[in-house]
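Novice: The structure is given below, and queries will be raised subsequently.
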Amino acid sequence: MYIATILCLATGEKRDCAVDCEWDADTSPFAWDRKAGNFGCDCNRHILFTGDSDADMECSTTHYIVERMTLADGTVIEIDK
C-alpha cells in the first residue's frame, strides 16, 4: 500500500488517499501518467479522492492533480509536476 496526495483544483482541498496495491517502480509511474495511464484520468482520481465509485465524473485531466506518492518505506515520488 502507498499514499497518493491528491489536490482537487476546483476547491483547493488536498487529501492523502490510500492506494491498496504495491508500488512497482517499472509500471506504477505509467499507471499515474496523465497522458496515458488509467489513474491519470480524473474519473479514477475522483473515486480515490471522494471514495464515491458511483459518481458520474467525466474522463478528463483537468480536475485533480496527484502531487506525490508516499511509499510504505517513506520514499516520496513526485507525480504531476
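Laboratory data are not the source of any read-out in this text; all were calculated from the coordinates shown. Since the structure is predicted, the reported quantities are computational estimates derived from the model, not experimental observations. Cβ: placed from backbone, ideal geometry, glycine included. Neighbour counts: every protein chain shown.
Novice: How long are the three semi-axes of the equivalent ellipsoid of the stretch 2-78, in whole Å, if each is the root of 5 times an eigenvalue of the C-alpha gyration tensor, listed from largest down?
Specialist: Semi-axes, largest first: 20, 14, 11 Å.
Novice: So, counting K/R as plus one and D/E as minus one, what does the shell of residues with Cβ under 15 Å around Thr50 add up to?
Specialist: In short, -4.
Novice: Counting only helical runs of four or more DSSP H residues, what would the 222 nm mean residue ellipticity of the chain come to if each run contributes -39,500 (n - 2.57) and the total is spread over all its residues?
Specialist: Taking each H run of at least 4 residues, the total per residue is -4000 deg cm²/dmol.
Novice: Okay, next question. Run through the DSSP bridge list for the stretch 2-78 and note the antiparallel percent, rounded to the nearest 5.
Specialist: Beta bridges within the stretch 2-78, antiparallel portion: roughly 100 percent.
Novice: Turning to a different aspect of this structure: Using per-residue counts of other Cβ atoms within 10 Å, averaged over each peptide, order 10-19, 30-39, 62-71 from highest down.
Specialist: Listed from highest to lowest mean packing, they are 62-71, 30-39, 10-19.
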